[in-house]
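Any read-out appearing in this document is the output of simple, stated calculations on the displayed coordinates, not a laboratory observation. Computed from a predicted structure; not experimentally measured. Heads up, the Cβs are rebuilt from the backbone with ideal geometry, glycines too, and the neighbour counts pull from every protein chain shown.
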Amino acid sequence: MCLTAVKRAGYIISVVPKKFLTEEICMLAAKNSNEAIFHIKNPTPELCLTMIKANDLGLQWVNNPSPEICSEAVKQNGNAIKYIGRPTPEMCLEAVRNNINAFRYINPEFQTQEIIEYVFKANKNYKDLYKFINRDQAPDYIKYYLEINNIKKRR
């Protein structure tokens with residue numbers, strides 16, 4: 001009965017008695033609802049990864065996500081980068097490759113020259129993102145372009 005209910009709506013796990021919370025029921029709930037993670041005591045990394053694969057922005061509900069979970073989240077949706085405190089350069093590059101607009105969520109201190117060049121070259125239609133470029137990390141030709149086109153830094 002619990003399995004059927006959770007299969008229909010993952011958030012139902014919130015009213016399932018603790019003695020019936022099996023790994024199978026928790027996995028099913030995680031696939032069907034982001035809220036399920038709140039009702040599972042000590043979710044396993046596998047459970048969190050299942051939720052991330054089902055809900056690309058579910059990372060915001062995971063406490064202390066592992067690098068693997070963070071990487072999977074940005075592969076699913078580049079905008080998930082905004083929920084990662086200290087992303088790796090690889091995560092940042094994956095995020096902008098997945099969704100160019102994710103660049104706006106990448107803290108300037110995490111912008112590498114490779115990421116900046118990718119955004120600059122791939123993004124001629126989204127020049128509004130240029131204001132997010134960390135000028136200290138940008139190659140000279142990009143700095144020059146920003147300067148002659150009077151593109152101001154974001155504050």
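Quick notes on this one:
- Fewest-first ordering of ILE133, ILE100 by other beta carbons within 10 Å of each residue's beta carbon gives ILE100, ILE133.
- Percent of Cα-Cα distances greater than 21 Å, calculated over the chain: 52 percent
- Farthest positive-ward along the range 59-153 dipole, Cα basis, beta-carbon charges - from ALA73, GLY85, TYR145: TYR145
- Extension gain for the segment THR4 to GLU23, taken as residue separation times 0.36 nm less the Cα-Cα distance, is 5.4 nm to one decimal.
- The charge dipole of the chain, taken about the Cα centre with unit charges on the Cβ atoms of Lys, Arg (+1) and Asp, Glu (-1), comes to about 580 debye, rounded to the nearest 20.
- Between THR112 and TYR144, the distance separating the two model label sites (each 7 Å from Cα on the Cα→Cβ line) works out to 2.5 nm.
- The range 3-60 and the range 106-147 have Cα centres spaced 39 Å apart.
- Of all lysines in the structure, those lying under 24 Å Cα to Cα from LYS18, and not within fewer than 8 positions of it along the same chain, are LYS7, LYS31, LYS41.
- Listed from fewest to most Cβ neighbours within 10 Å, the set SER71, SER66 follows the order SER66, SER71.
- Straight-distance crosslink candidates among aspartates and glutamates, where the alpha carbon sits under 16 Å from LYS121 and sequence neighbours closer than 8 are dropped: GLU94, ASP140
- With respect to the chain, whose longest principal axis is taken over its alpha-carbon atoms, helix 113-122 is tilted by about 90°.
- Extension gain from GLU90 to ASN64, taking 0.36 nm per residue of separation minus the Cα-Cα distance: 7.5 nm
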